[in-house]
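One structure is given here, and the rest of the page talks about it.
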Amino acid sequence: MAMAQDVIAREPARPIVRIENVLRNGACVVLLAILAVLIVMPLYALLSQSLEDADKHFIGLGNFVRYADNPGLVQSVYNSLFVSIAVTAITVPLAFGYAYALTRSCIPAKAIFKGIALLPILAPSLLPAISLTYMFGNQGFMRGLLGGHSIHGPIGIIMAQVFHCFPFGVLIIGTALGISDGRLYEVAQTFSTPKWRVFWTITLPAVRYGLISACFVIFTTAIVDFGIAKVIGGSYNVLAIEIYKQIIGQQNFQMGAVIGVLLLLPALLTFFIERYVNKRQMSQLTARAVLYQPKPHRLFDATMLAFVVVVALCILGVNAVAVFASFFKLWPYDLSFSLDSYDFAAFDPGGWSSYWNSIIMASGAALFGTVLTFGGAYLVEKSPIPASLRGLLHILAMIPIAVPGIVLGLGYVFFFNDPANPLGFLYYTMTILVMCSIAHYYTIPHLTALTALKQVDKEFEAVSQSLGVPFWVTLRRVTIPISVPVILDVATYIFVNAMTTVAAVIFIYSPQNKLASIAVIAMEDTGDTGAACAMAMMILYTSVAVKVVQIGLSKLLFPKLQLWRHPDAS
């Protein structure tokens with residue numbers, strides 16, 4: 001009898017269940033199609049182009065053989081490797097020392113120092129290159145420190161790359177240092193183990209996977225960066241610049257595709273190594289672990305404070321040069337205040353339109369990218385879809401993290417500029433810029449949303465299903481409100497990166513849709529360095545403003561939307 005009543009009670013929910021299944025599976029298919037267009041097809045077009053001649057005939061590895069036979073092109077490989085190795089060798093120790101000071105000392109104002117360390121993320125990579133030109137260029141006020149060497153070349157690229165890559169090292173190594181087991185240090189202290197031995201036998205082994213991950217991330221970031229080498233590289237050829245020359249200068253699309261594939265290899269290697277490292281790093285933690293808490297030590301804390309102050313002043317100094325250069329008539333020679341550099345119409349045909357185009361593009365990428373990444377994470381984590389679809393969605397979401405921006409942008413050229421492609425009408429439009437930005441930065445927001453959704457108890461969906469409540473109602477009334485802080489994080493991440501990106505859009509913008517980061521390169525090329533500084537600073541100001549708004553909204557909304565974490569709160 002009870003069983004019959006249960007069947008009768010569930011009978012009205014069956015049509016809703018069928019509709020839910022259709023909608024979920026349909027959403028998966030639509031998302032797979034979107035990701036195929038955004039990610040898979042452009043990469044396939046790039047790989048195909050590298051294996052074909054100019055007449056679209058398959059020639060296998062013929063283009064790669066031609067590349068190997070060209071001494072100039074091969075030299076660009078060596079140059080890229082040299083710069084990337086040097087950047088990694090300099091940045092990782094600096095980042096380790098900075099992160100060590102933030103996590104293992106009792107220095108004051110840690111939050112401020114961490115914010116300063118992350119400041120380069122909010123600016124385009126072009127900014128340090130321009131600032132260093134002001135400082136060490138032919139007319140630079142600090143040019144004597146280079147001992148007669150030119151800043152335009154490997155020295156300038158390495159210096160700017162260290163500035164650009166430093167935040168990634170601090171984040172990765174800081175995370176590794178922050179999860180060390182404090183019990184090991186207590187035992188070492190009990191046995192009066194020398195500090196150097198504790199560092200060598202406990203600290204370094206505990207963070208070795210974080211160091212390895214930081215090395216590969218910084219190496220890959222350096223080898224694929226385009227903006228810095230374009231501004232300060234001079235005649236020093238690297239792979240990212242060689243792609244630009246082959247595509248824009250020589251219209252040699254096949255050779256450009258070959259270089260794109262070569263740049264894809266270190267990124268793929270980094271991706272797989274980082275996945276392995278992350279798994280091993282997680283295995284270092286146990287349920288009984290006690291996080292290390294630093295204790296005050298006057299000499300050590302003073303040394304760490306001095307180190308972070310010096311590094312922080314260097315970061316602030318590079319940014320300050322750009323700020324002053326944009327507000328003074330001819331800094332540092334004519335220090336009269338002037339806003340002439342912000343009259344962009346005098347230096348670029350688009351004037352302020354490039355900046356507003358970036359705002360529009362970044363806003364569109366943040367809006368649609370957040371919906372897409374959060375929706376995809378929801379389907380993967382919360383929907384009872386077939387395991388094959390769930391796995392395929394997750395794989396496609398992970399691909400972009402292993403694809404450099406300039407490679408993805410080149411793939412967009414080959415795919416959307418193909419006359420046989422019915423989506424070709426999107427080429428040279430604002431839409432394709434939004435699409436490329438979403439695709440380029442898809443993985444991190446997807447993983448962020450996925451992590452947040454894992455924290456939401458699955459009983460919400462189970463109870464809703466048992467009560468016959470459609471999943472979209474639960475999504476709207478429970479899941480989304482709980483996830484608002486994470487949604488804001490994701491939207492801010494996409495917006496800031498879309499504002500600062502250069503390489504991903506350098507091939508696919510049109511004169512009508514020129515972005516602020518592209519305008520910076522154009523004005524730098526014409527010698528209008530002050531205006532280029534001003535535009536780069538506008539990008540930085542906007543990124544900082546958006547980040548401040550995001551922090552404010554999070555603090556405002558978090559207490560109201562997270563009451564479920566504190567059931568006893570009134």
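Just so it is clear, none of the values below were taken in a lab; they were calculated from the coordinates. Bear in mind the structure is a predicted one, so any value in this text is a computation, not a measurement. Counting neighbours? That spans all protein chains shown, and the Cβs are built from the backbone with ideal geometry, glycine included.
Can you work out D for segment 332-407 in µm² s⁻¹ from Stokes-Einstein, where Rh is the Kirkwood radius over C-alpha pairs, the temperature is 20 °C and the viscosity is 1.002 mPa s?
Stokes-Einstein gives a translational diffusion coefficient of 129 µm²/s.
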**Study point:** Two-site label geometry, I395 and I551: point separation in nm, points 7 Å out along Cα→Cβ
**Key:** 4.2
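Using 0.36 nm per residue, how much length does the chain from L313 to L423 gain when fully extended, once their Cα-Cα distance is taken away?
The L313-L423 span can extend by a further 34.7 nm.
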Practice item. For each of D340, D53, D348, count neighbouring Cβ atoms within 10 Å of the residue's Cβ, then give the residues from fewest to most. Key: D53, D340, D348
Practice item. Calculate the spin-label point distance for Q512 paired with A306, positioning each point 7 Å from the Cα along the beta-carbon direction, and give it in nanometres. Key: 6.1
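Rounded to the nearest 0.05, what FRET efficiency is calculated for R143 and T175 with R0 set to 41 Å and r the Cβ-Cβ distance?
0.60
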Exercise for review: Taking 7 Å along the Cα-to-C-beta vector as the label spot, tell me the D340-T526 distance in nanometres, rounded to one decimal.
Suggested key: 1.5
**Study point:** Burial ordering of E242, E524, E52, fewest other beta-carbon atoms within 10 Å first
**Key:** E52, E524, E242
Check your understanding: So if we plug the beta-carbon distance of W352 and L118 into 1/(1 + (r/R0)^6) with R0 = 25 Å, what FRET efficiency do we get, rounded to 0.05?
Key -> 0.35
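Please give the contour-minus-distance gain from K56 to I444: 0.36 nm per residue of separation, less the Cα-Cα distance, rounded to one decimal in nm. Numbers along the way, then the final one.
Numbers: separation 388, 0.36 × 388 = 139.68 nm, distance 3.55 nm.
Working it through step by step, the gained length comes to 136.1 nm.
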Practice item. Step through the table entries K514/K547; K295/K555; K110/K514, compare each Cα-Cα distance with 32 Å, and write down the pairs that go over it. Key: K110/K514
Check your understanding: What length, rounded to one decimal in nm, is gained on full extension from R298 through to W200, with 0.36 nm per residue of separation minus their alpha-carbon distance?
Key -> 33.1 nm
Review point. Is segment 65-338 best put as rounded, prolate or oblate by its Cα gyration tensor, with a ≥ b ≥ c the root eigenvalues, rounded for a/c under 1.5, and otherwise prolate when a/b is larger than b/c, oblate when not?
Key: oblate
Review point. Could you put F415, F495 in order, starting from the residue whose Cβ has the fewest other Cβ atoms within 10 Å?
Key: F415, F495
